[in-house]
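In what follows, a structure is listed as structure tokens, so that the remarks can point back to it.
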Amino acid sequence: MKKIAIVGAGISGLFVANLFKENLDYQVTIYEKNTSINLDEGYGIQLSTNSIRLLNRIGFNTLESKDRFNPEKIDFYEINHKKKICDLNISEFNSENCKYTTLKRSKLIEFLKDKLEDNIIKYDHNIEKIEKNNNQIILTFNENIKVICDHLIISDGVFSKGKSLISNNKIKPAYNNSIAIRGNISRKNLNNLNEKNISLFMGNNFHYVIYPVNNDNEAFNFIGVLKYKLTANELDNYGLFKDKGFIQSVKDKLQNKISTNILDNLNNIKCFPIFVSKGYLEPTDNIFLIGDAFFAFPPSFAQGASQSIEGGSELFDSIINKKNNFYDDRASKVKMINNRSKLNQFAFHVSNPLIVFFRNLSLKILTKNKKFLENYLGKIYKN
């Protein structure tokens, strides 16, 4: 029986562990540095059909319908004029049991965690050293705990310590010159939005998205991305982003970008700098990266969670079928999504009136062009 060690109990690590636990040829263990899993209660995520299809392999379709939502369209708005430009029918990529889904991140994490036996996750294990001994890997954790495994899967996020260890700290994420603002808002404080859809507002160096996270349509997720300069010292001071004064200064910058009714009624506001990957680290033999540890995108294509799941599935298939195509296939897909994420962020944030005019015109045309949508979204959503 081959031993699989997974470093990091995020979405990608939990998902791939669920795949391996059903295979009697492998024994899987997750090593998580924290004493519990951070659920980020209340905040939402989007899952496109490519990831729903894979999640259904482990029973996601049995999750109670009240805990998830299936939006029909994405409504595009221009912040300055507060008017709807057009909409994109994402439900066209749905099938009966595989639909574009929004939900609380905590619900997905709970689902993935609860499918695993309790002894699979080892908490308070902070990776400190990774060594190879012939075909095996020796992991050293805090308090000099040593583990020997046959395959190592590193899934500990954008600031991956595992990735730093195997790359000798040569590959680091880069600040994307923007910060994310997350929060929750209740339905009563939304003005004239279609509650069945995802609402995307575009403005000068800023965009934000609002969508429901369950079927009672009372709780809505808010995520905004604002261009924001930060010094190296500010980036090193992560406590800054929890400071009430800093959060208020961000809200002040948004006064003319978000309606007062929404801004004043946002709850549980969190701010954090957005870091993205600038390069790939090709794994060696039996050491692999998935999720944000493999590559972190700008958050403007709603593919972070879905690609974490898709990458986990591809790696699982590669290992059990003894193939060597995982890295090349994953890097090719990630490159395509990264380019589209950067293009989206540029389009969402343009301010020149002439460019805005042509952007809006292009959106009206392209969101109804089936050939374009099949190429731009279908290649991703159809996996």
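The values are calculated or read from the model by the stated rules, or taken from the named source; none is laboratory data. This structure is a prediction, so every number in the text was calculated from the model and none was measured. Because the Cβ atoms are built from the backbone with ideal geometry, glycine has one as well, and the counts that use them run over all protein chains shown.
At a glance:
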read-out	value
Breaking point among (1) outside any loop (DSSP other than H, G, I, E, B); (2) among the acidic types (Asp, Glu); (3) in contact (Cβ under 8 Å) with a residue 60 or more places away in the chain, for Glu143	(3)
Filter result (among the polar types (S, T, N, Q) and either within 24 Å of Val350 (Cα to Cα) or more than 10 Å from the chain's Cα centre (by Cα) (or both)) within the range 285-339	Asn286, Ser300, Gln303, Ser313, Ser318, Asn321, Asn324, Asn325, Ser332, Asn338, Asn339
Those residues of the range 297-313 which are of a type in the set (A, V, I, L, M) and part of a loop (DSSP other than H, G, I, E, B), in sequence order	Ala302
Among the residues listed as Lys333, Lys379, Lys342, Lys322, the single one being free of Cβ contacts under 8 Å to residues at least 60 places away in the same chain and surrounded by fewer than 14 Cβ atoms within 10 Å (Cβ to Cβ)	Lys322
Members of the range 251-296 that are in a loop (DSSP other than H, G, I, E, B), farther than 26 Å from Met202 by Cα, out of contact with any Asp or Glu (no Cβ under 8 Å at 6 or more places or on another chain) and of a type outside the set (D, E, K, R)	Gly279, Tyr280, Leu281, Pro283, Thr284, Ile290, Phe294
Selection from the range 172-203 of residues that are without any contact (Cβ under 8 Å) to a residue 24 or more places away in the chain and polar (S, T, N, Q)	Asn192
Considering residues of the range 13-58 that are part of a loop (DSSP other than H, G, I, E, B) and small (Gly, Ala, Ser) only, the residue nearest to the chain's Cα centre (by Cα)	Ser48
Selection status of Ser199, hydroxyl-bearing (Ser, Thr, Tyr) and more than 26 Å from Phe301 (Cα to Cα)	no
Filtered residue count, the range 79-97, keeping only those that are touching a helix residue (DSSP H, G or I) at 6+ places or on another chain (Cβ under 9 Å), assigned to a strand (DSSP E or B) and at pLDDT 95 or above	3
Contacts under 7 angstrom Cβ, first residue in the range 274-291 being surrounded by fewer than 22 Cβ atoms within 10 Å (Cβ to Cβ), partner among the charged types (D, E, K, R), 6 or more apart	Leu281/Lys163; Asn286/Asp150
Tally, over the range 192-207, of residues that are assigned to a loop (DSSP other than H, G, I, E, B) and closer than 13 Å to Asp75 by Cβ	6
Qualifying residue in the range 208-220 (condition: of a type outside the set (S, T, N, Q), within 21 Å of the chain's Cα centre (by Cα) and in a loop (DSSP other than H, G, I, E, B))	yes
Residue check for Ile90: surrounded by fewer than 20 Cβ atoms within 10 Å (Cβ to Cβ) and either closer than 19 Å to Leu14 by Cβ or aliphatic (A, V, I, L, M) (or both)	no
Leading residue by the ranking (nearest to Gln136 (Cα to Cα)) among those in the range 153-171 that are part of a loop (DSSP other than H, G, I, E, B) and without any contact (Cβ under 8 Å) to a residue 60 or more places away in the chain	Asn168
Residue check for Leu226: modelled with pLDDT under 95 and over 22 Å from Leu108 (Cα atoms)	no
Search result, residues across the range 36-50 that are more than 17 Å from Asn215 (Cα to Cα), modelled with pLDDT under 90 and surrounded by 14 or more Cβ atoms within 10 Å (Cβ to Cβ)	Leu39, Asp40
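Conditions tested, residue by residue: (1) farther than 30 Å from Leu263 by Cα; (2) touching a Leu at 6+ places or on another chain (Cβ under 7 Å); (3) at pLDDT 95 or above; (4) not β-branched (Val, Ile, Thr).
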position	(1), (2), (3), (4)
Asn18	yes, yes, yes, yes
Ile52	yes, no, yes, no
Phe60	yes, no, yes, yes
Lys73	no, yes, yes, yes
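A quick yes/no check of all residues on (1) surrounded by 21 or more Cβ atoms within 10 Å (Cβ to Cβ); (2) touching a Ser or Thr at 6+ places or on another chain (Cβ under 6 Å); (3) at pLDDT below 95; (4) under 24 Å from Lys270 (Cβ atoms):
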{"site": "Asn133", "(1), (2), (3), (4)": "no, no, yes, no"}
{"site": "Val147", "(1), (2), (3), (4)": "no, no, no, no"}
{"site": "Tyr175", "(1), (2), (3), (4)": "no, no, no, yes"}
{"site": "Asn192", "(1), (2), (3), (4)": "no, no, yes, no"}
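Every residue, every condition in (1) loosely packed, with under 15 Cβ neighbours inside 10 Å; (2) of a type outside the set (Phe, Trp, Tyr); (3) touching a residue at least 12 places away in the same chain (Cβ under 8 Å), yes or no:
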{"position": "Asn205", "(1), (2), (3)": "no, yes, yes"}
{"position": "Asn217", "(1), (2), (3)": "yes, yes, yes"}
{"position": "Phe220", "(1), (2), (3)": "no, no, yes"}
{"position": "Lys229", "(1), (2), (3)": "yes, yes, yes"}
{"position": "Leu235", "(1), (2), (3)": "yes, yes, yes"}
{"position": "Gly239", "(1), (2), (3)": "yes, yes, no"}
{"position": "Lys244", "(1), (2), (3)": "yes, yes, no"}
{"position": "Ile247", "(1), (2), (3)": "no, yes, yes"}
{"position": "Lys251", "(1), (2), (3)": "no, yes, yes"}
